[in-house]
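Undergrad: Please see the structure below; I have some questions.
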Protein chains: 4
Amino acid sequence: MAPHNDSSPAGNFTNGFNGMALQSSGLSSLTVEDLTAELGSSYDSSTLDTPVSHVKRPLVPGVYVPTMCFFDKETEDVDTVTIAHHAVRLARAGVTGLATQGSNGEAVHLTHTERQVVTATTRKALNEAGFSQMPIIVGCGAQSTREAVLLCRQAWQAGGDYALVLPPSYYAPLFAPSSQTILEFFNAVADASPIPIIIYNYPGAVNGMDMSSDIIVQLAQHPNIVGVKLTCGNTGKLNRVVAGTRKLSKEYDPLNPDFLVLAGSADFSIQALAAGGHGILAGLANIAPKACIKTIELWNQGKHTEAQGMQEVVSQGDWTAIQDGVIGVKAGLEEWAGYGGYCRSPLPRPTPEQSKNWKNGFKDLIMLEKSL
Amino acid sequence: MAPHNDSSPAGNFTNGFNGMALQSSGLSSLTVEDLTAELGSSYDSSTLDTPVSHVKRPLVPGVYVPTMCFFDKETEDVDTVTIAHHAVRLARAGVTGLATQGSNGEAVHLTHTERQVVTATTRKALNEAGFSQMPIIVGCGAQSTREAVLLCRQAWQAGGDYALVLPPSYYAPLFAPSSQTILEFFNAVADASPIPIIIYNYPGAVNGMDMSSDIIVQLAQHPNIVGVKLTCGNTGKLNRVVAGTRKLSKEYDPLNPDFLVLAGSADFSIQALAAGGHGILAGLANIAPKACIKTIELWNQGKHTEAQGMQEVVSQGDWTAIQDGVIGVKAGLEEWAGYGGYCRSPLPRPTPEQSKNWKNGFKDLIMLEKSL
Amino acid sequence: MAPHNDSSPAGNFTNGFNGMALQSSGLSSLTVEDLTAELGSSYDSSTLDTPVSHVKRPLVPGVYVPTMCFFDKETEDVDTVTIAHHAVRLARAGVTGLATQGSNGEAVHLTHTERQVVTATTRKALNEAGFSQMPIIVGCGAQSTREAVLLCRQAWQAGGDYALVLPPSYYAPLFAPSSQTILEFFNAVADASPIPIIIYNYPGAVNGMDMSSDIIVQLAQHPNIVGVKLTCGNTGKLNRVVAGTRKLSKEYDPLNPDFLVLAGSADFSIQALAAGGHGILAGLANIAPKACIKTIELWNQGKHTEAQGMQEVVSQGDWTAIQDGVIGVKAGLEEWAGYGGYCRSPLPRPTPEQSKNWKNGFKDLIMLEKSL
Amino acid sequence: MAPHNDSSPAGNFTNGFNGMALQSSGLSSLTVEDLTAELGSSYDSSTLDTPVSHVKRPLVPGVYVPTMCFFDKETEDVDTVTIAHHAVRLARAGVTGLATQGSNGEAVHLTHTERQVVTATTRKALNEAGFSQMPIIVGCGAQSTREAVLLCRQAWQAGGDYALVLPPSYYAPLFAPSSQTILEFFNAVADASPIPIIIYNYPGAVNGMDMSSDIIVQLAQHPNIVGVKLTCGNTGKLNRVVAGTRKLSKEYDPLNPDFLVLAGSADFSIQALAAGGHGILAGLANIAPKACIKTIELWNQGKHTEAQGMQEVVSQGDWTAIQDGVIGVKAGLEEWAGYGGYCRSPLPRPTPEQSKNWKNGFKDLIMLEKSL
């Protein structure tokens, strides 16, 4: 990670990209009051003051949570009160960091402005609850290099510390060859982004495009590309990425690696650790953060039998989350934590029977969670 | 199409969606000068005055062109001068209508603001060249219902006459069942859109989601859903859609059908006509509009042998466009029409050898075009 | 087609392939009585005498039927009586030719020996009913070149006239490049096959592998590759293949082309004809041969309006066949023709409700069929 | 596993399936001499005597090798000498068992008769080298239930101990619902098979069909279904399968589980063990059996750091095997072990450059192998 990353990249604000970026974001001419107006009364106008000071928040091994985004059940407007409440609840449970605008955060359902409000709201809530050192990763994938850069800048403006970037895929058949275009895309975004990049390999979200360990290791050489989230579930690839990126470090510190390798689902937490991974960035932690944390702690303490027993409960609970995605996890939160609401249309709202089944699917996991 | 469609839907501006929509679009607080500033000197500030008056432009059988979007070769900023020039060139060639922000228009590479500028620029150019009656279809697909509605409103604001809508696909595995969620999405968008909807069935662009003839015919019953573009190439489906939607009309007028069925590629123009289709909305018309028009005219005049001979030239020219997409078509325009430029990053720029091959691939088609 | 193709390829029986082929087929040591024993009493021992004389049966434009394979409802053994009855019924309806062991013929559910019995039974039935000039196309795709050749030889032995060959796909990722390996496969099979090859392009059956018009046209240059069945439904490709292969002929005779281009489904019959195609090889003809034939005849007679009207009935009936495949078509035959039975396990048997729906789905088509 | 599994299932030979099965297999009327004749001089006629006595060979945790199938470089005939040599070499390296006719064994390139010869040759070679207790797993997947049963019977006849079964996929869209048909298929095959079934979950080989942990656990309840090979690489699923099947045992013995869960690739060996898996059935063991074994031994001995170090070498070596499949592994054997030859056509033969690269890709792994 570049040493000046914690300083304001104001200097960059003179380059070509940015003029466009800030303008297009619709923020250049908007005041905090405008933004407030857009989000309605639930939104505290001081939110966007927060990012003004950019402190460096390290990216260390542990449990990261791609937070859900919450909406008003009537209007489907962003529900900043619940977003703040959820962020603080996770922080108090002991997670290492949060990630806004991942698939669990319904990034594809949010406007650029809403994305900033979600991130700024999360930052502000963490700060006010005493977690000003907790890093926030922000989903910044886009089809064009310039929009990805714009999202990285907006993420930085809103208080984000790292950018989680999916490769573009809409025109994938025209990439020539695929790997070369992907390499150029990530390097260009990393060059222009004010915050470090975490590669997001999630074939299911990008028409099946699956980045190889070779490409990931090659990208890891960029000073502003500092990690990867592997949602592909391929722990053989994860093992190769760990081996390949470790060699890039002068000296490798497993407690503070130069390149962080995270599993994208909780159901392969200890499998990832066994392969040299550093933790997880997993949706299930929205519903059972302590169980996810404890499983990893036990493993790292060498208590493998206990860790394996707990991993099985986590994996079985994750099965419901995997099958029913954001809808299922929100239903689970609603049933077990009393909040959650629904996803934005056109995602369907669960039927009473589905809610009942999903509540049941999470039962053992929740029992474990409550015991911790 | 609903009779009041040509009147200003100002009344709708009080509903819940819209407050969000206009605000998020960043337009509510932006003046024409702001927009101008964003686009740079190449952009004429009078552009966005145009939409103020909304006249009804009928959707009739013929050749529609999903126009390319052009960019400055250095900055990759939107090149409104070339966009205007290209639109007028196509209009003068005799096409029936234009479509902005399709796959050929690199919609996924544009911000909401840029999309409006492209559509407004196209509308203004057509008007000034004497084609004020030519309709503009605007790509308005999105992952959330509310963003799709927002895009429809912005399209209307910018002077668009119809909205071409792809189904959402990011969370497709969570649709329950897929068809039900898709039906609800399109009906909700059609309810809220100020302009009529044209369904866009393009599996390649939405993770393989392929809408059935049953779904399309069911959606055709909505008064604000007036057509479909079938890029799937399935002419059996096209035939079923034509048969199924014709039955919805009191009296069917092939020259002015209530539901327009268009082929999504020029290489199955007469095949689509043979199946009862009404025309094409095809990228190849960017490079050879007259050949596309003449092929269809000959067929409709009953000159099938001549039409088939011309169709073969069109289909073989289309092969280059199909294989190399927007990159190939832009290279073809650059080589044969002297303008075109490049796609936005990360789409690669053609190598000299590719440009040569692609120029060659279009040669017979261009010779035909010039002879018309 | 090579001139010596109608002579017995006995000479080839000394080459390396064949020794293996005949042996592996299990036929070398089997007498007709053995084969008879395998099929049970319903099988006439004289069946395999038929192929002894190989007369040339031309491949001309028209309607070809990929016949269903029928099984005993109890034992799932091949039901040669019904196979013979069905073949003669189709021949009497006026179809141009039959194809055994396509997807409709459940080729993947048959042993090599059963495949020969099905083909031999069909040949014998046609001969005895006075259709000794009607050609039989036999599905001969396989993963290895040698098994494909073996199947071609066995098809020839059993009385087949042409071999319909799918490309191998199991190891497709290892093909290098895909097109080169595919070209070599088809050329090698064509070199060794005693009967001419018809290329079968059906992506849905081979892991999505879709052969381009370039590959098909290149393969058409082989003297023993005489046609293609396009089940991909891509009529643009069909148009390019027609245009590209016509150029290979000294003089092109549309009534007897050197390379026959067939649509793989009845729902794009006239669309294929409009693109220069020569007919269809379509499963729906199992249930409505006359409607398929009449639609094409009307079109070829220039009665396009009548043809279009009939095509719509065919396309809508085909929708049931397309959605429910062999199970649906067999259910339709059972309901409307009084025979059909079930597919081999594990294919499910229709529920009473499904049978009712499918019967209904074919109703209009059957009414049309009965009126012809 | 059913207790009578080690007895001759001769009694079953009267059932309906079998009459067909044996006949169709072409074996009923073939003597050992016939089989010998088919394979040529390299084949020892005493091979098929072996299976006469069926001793029970337990399925225990460890390293299983899906052996390559070898062919004469000229004729592409099965090379039984090399097959025997390779089997013994692996046995001497200490592997737990062998598997014939997996993807590495080019099962799809073999006739039924050849499959039996390969298995019988392997059995005989193991016996003669003093490994008569080593079990052989035989690939028996097929599209129809009856052919799968036929293959299981033939596997048993040839000396196979367990059947590795892929689900059918050709008509998958007609399965209703997919899971129900799959359950019925496996249960029917398990009911009729003389040897126990191991489920093979390899989406890449069956049009993407991926069996869920729910289905696998449900199937594990059948007394004749004793394990699963997960080539999907999903270690979360593996963890759920281990947890779900353990509950089916009265008492769970990790050294001799009732249901064996194997990883399908060597690059996730210790990840699978961490998740409770019992070992691997992995192609890479063809080239580096000792490294695969040692990695697992170290892990099971609690020497995790050493195991992780070795796993990284294995994973990186596996990358070449994964990318280049059977072609790459054969090239690696040829380069490093002096035998291997080529795959059957149409699989391409490696270019000198590819062979050089692949030799290099395996270098570190081979160095490790030789040090053990």
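Undergrad: Which condition from (1) more than 9 Å from chain D (Cβ to nearest Cβ); (2) more than 24 Å from D:Y170 (Cα to Cα) is the one that C:M209 breaks?
TA: Tallying (1) more than 9 Å from chain D (Cβ to nearest Cβ); (2) more than 24 Å from D:Y170 (Cα to Cα), C:M209 fails exactly one: (2).
Undergrad: From (1) more than 17 Å from A:V65 (Cα to Cα); (2) aliphatic (A, V, I, L, M); (3) assigned to a loop (DSSP other than H, G, I, E, B), pick out the condition that doesn't hold for A:V95.
TA: Result: A:V95 fails condition (1) only.
Undergrad: Here is a further query. Give the residues of region D:221-246 that are among the small types (G, A, S) and within 14 Å of chain A (Cβ to nearest Cβ), sorted by residue number.
TA: D:G233, D:G236, D:A243, D:G244 - these are the residues of region D:221-246 that are among the small types (G, A, S) and within 14 Å of chain A (Cβ to nearest Cβ).
Undergrad: Considering each of D:Q23, D:Q116 in turn, give the residue that is closer than 29 Å to D:V226 by Cα, of a type outside the set (D, E, K, R), modelled with pLDDT under 95 and assigned to a helix (DSSP H, G or I).
TA: Answer to the selection: D:Q23.
Undergrad: Still on this structure: From A:A321, A:A275, A:A282, A:A307, grab the single residue that is modelled with pLDDT of 95 or more and under 20 Å from the mean Cα position of the chain (by Cα).
TA: A:A282
Undergrad: Let me ask something else. Looking at region B:147-160, is at least one residue more than 22 Å from A:E114 (Cα to Cα) and surrounded by fewer than 23 Cβ atoms within 10 Å (Cβ to Cβ)?
TA: no
Undergrad: Further question on the same structure: Of the residues A:F71, A:F17, which is modelled with pLDDT of 50 or more, in contact with a Lys or Arg (Cβ under 7 Å, 6 or more places away or on another chain) and aromatic (F, W, Y)?
TA: From the options A:F71, A:F17, the qualifying one is A:F71.
Undergrad: Another one. Being under 26 Å from D:I280 (Cβ atoms), crowded, with 19+ Cβ neighbours inside 10 Å, away from chain C (no Cβ under 14 Å) and over 14 Å from the mean Cα position of the chain (by Cα): is that true of D:A120 here?
TA: yes
Undergrad: Quick test for you: out of B:A275, B:A263, B:A282, pick the one residue that is touching a residue at least 60 places away in the same chain (Cβ under 8 Å), within 14 Å of chain C (Cβ to nearest Cβ) and either at positive phi or not β-branched (V, I, T) (or both).
TA: The unique qualifying residue is B:A282.
Undergrad: Given the conditions (1) under 29 Å from B:S169 (Cα atoms); (2) modelled with pLDDT of 95 or more, and given that A:L90 satisfies all but one, which numbered condition is not satisfied?
TA: Among (1) under 29 Å from B:S169 (Cα atoms); (2) modelled with pLDDT of 95 or more, the lone unmet condition for A:L90 is (1).
Undergrad: Quick check, is A:Q316 at pLDDT 95 or above, within 14 Å of chain D (Cβ to nearest Cβ), surrounded by 22 or more Cβ atoms within 10 Å (Cβ to Cβ) and more than 21 Å from A:G102 (Cα to Cα)?
TA: So A:Q316 does not fit the description; no.
Undergrad: Out of B:V88, B:V81, which single residue is away from chain A (no Cβ under 11 Å), closer than 24 Å to B:L372 by Cβ and either in contact with a Pro (Cβ under 7 Å, 6 or more places away or on another chain) or not in a loop (DSSP other than H, G, I, E, B) (or both)?
TA: Only one candidate qualifies: B:V88.
Undergrad: I've got another one for you. Does C:L255 fit the bill of being under 29 Å from C:Y162 (Cβ atoms), more than 14 Å from chain B (Cβ to nearest Cβ) and not small (G, A, S)?
TA: Considered against the rule, which asks whether it is under 29 Å from C:Y162 (Cβ atoms), more than 14 Å from chain B (Cβ to nearest Cβ) and not small (G, A, S), C:L255 comes out as yes.
Undergrad: Just to be sure, is A:S249 crowded, with 24+ Cβ neighbours inside 10 Å and either more than 8 Å from chain D (Cβ to nearest Cβ) or under 30 Å from A:K370 (Cβ atoms) (or both)?
TA: It is false that A:S249 is crowded, with 24+ Cβ neighbours inside 10 Å and either more than 8 Å from chain D (Cβ to nearest Cβ) or under 30 Å from A:K370 (Cβ atoms) (or both).
Undergrad: Checking the condition closer than 30 Å to D:A274 by Cβ and surrounded by fewer than 17 Cβ atoms within 10 Å (Cβ to Cβ), which residue from D:Q323, D:Q311 passes?
TA: Exactly one residue qualifies, and that residue is D:Q323.
Undergrad: Restricting attention to region B:254-310, which residues are within 22 Å of B:M68 (Cβ to Cβ) and in a strand (DSSP E or B)?
TA: Once the filter is applied, which keeps residues that are within 22 Å of B:M68 (Cβ to Cβ) and in a strand (DSSP E or B), region B:254-310 yields B:L262, B:A263, B:G279, B:I280, B:L281.
Undergrad: Which pairs have Cβ atoms under 7 Å, sit 6 or more apart or on different chains, and link a residue in region B:100-111 that is at positive phi to one that is among the small types (G, A, S)?
TA: As it stands, the answer is B:Q101/B:A107; B:Q101/B:G139, since those pairs meet every condition given.
Undergrad: Going by the structure shown, is C:A129 within 28 Å of D:R349 (Cβ to Cβ) and either touching a Lys or Arg at 6+ places or on another chain (Cβ under 9 Å) or not aromatic (F, W, Y) (or both)?
TA: Spelling it out, it is not the case that C:A129 is within 28 Å of D:R349 (Cβ to Cβ) and either touching a Lys or Arg at 6+ places or on another chain (Cβ under 9 Å) or not aromatic (F, W, Y) (or both).
Every residue, every condition in (1) out of contact with any Phe, Trp or Tyr (no Cβ under 6 Å at 6 or more places or on another chain); (2) within 11 Å of another protein chain (Cβ to nearest Cβ); (3) at pLDDT 95 or above; (4) surrounded by 21 or more Cβ atoms within 10 Å (Cβ to Cβ), yes or no:
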position	(1), (2), (3), (4)
D:A288	yes, no, yes, yes
D:A291	yes, no, yes, yes
D:W299	yes, yes, yes, yes
D:K303	yes, no, yes, no
D:C343	yes, yes, yes, yes
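Undergrad: Scan B:A243, B:A274 and give me the residue that is out of contact with any Phe, Trp or Tyr (no Cβ under 6 Å at 6 or more places or on another chain) and over 20 Å from C:G264 (Cβ atoms).
TA: Selected residue: B:A243, the only one of B:A243, B:A274 that is out of contact with any Phe, Trp or Tyr (no Cβ under 6 Å at 6 or more places or on another chain) and over 20 Å from C:G264 (Cβ atoms).
Undergrad: Can D:A321 be described as assigned to a helix (DSSP H, G or I) and either acidic (D, E) or away from every other protein chain (no Cβ under 14 Å) (or both)?
TA: no
Undergrad: Another question, if that's okay. For B:G105, indicate whether it is touching a Cys at 6+ places or on another chain (Cβ under 6 Å), part of a loop (DSSP other than H, G, I, E, B) and closer than 25 Å to B:V261 by Cα.
TA: Considered against the rule, which asks whether it is touching a Cys at 6+ places or on another chain (Cβ under 6 Å), part of a loop (DSSP other than H, G, I, E, B) and closer than 25 Å to B:V261 by Cα, B:G105 comes out as yes.
Undergrad: Let me ask something additional. Of the residues that make up region D:298-320, is at least one of a type outside the set (F, W, Y), touching a residue at least 60 places away in the same chain (Cβ under 8 Å) and at negative phi?
TA: no
Undergrad: Do we find a residue being in contact with a Ser or Thr (Cβ under 6 Å, 6 or more places away or on another chain) and either assigned to a loop (DSSP other than H, G, I, E, B) or modelled with pLDDT of 95 or more (or both) anywhere in region A:350-357?
TA: no
Undergrad: Just give me the residues in region D:208-231 being at pLDDT below 95 and crowded, with 17+ Cβ neighbours inside 10 Å, in sequence order.
TA: Selection gives D:M209 alone.
Undergrad: From the residues in region C:162-182 that are of a type in the set (S, T, Y) and at the interface with chain D (Cβ under 7 Å from one of its Cβ atoms), which one is nearest to C:I195 (Cα to Cα)?
TA: The extreme case among them is C:T181.
Undergrad: Just checking, does region B:350-360 include any residue being of a type outside the set (K, R) and either over 24 Å from A:P173 (Cβ atoms) or under 23 Å from the mean Cα position of the chain (by Cα) (or both)?
TA: No, every residue in region B:350-360 fails to be of a type outside the set (K, R) and either over 24 Å from A:P173 (Cβ atoms) or under 23 Å from the mean Cα position of the chain (by Cα) (or both).
The values are calculated or read from the model by the stated rules, or taken from the named source; none is laboratory data. These figures come from a predicted structure and were not determined experimentally. Reconstructed Cβ throughout: ideal geometry from the backbone, glycine too, with neighbour counts over all protein chains shown.
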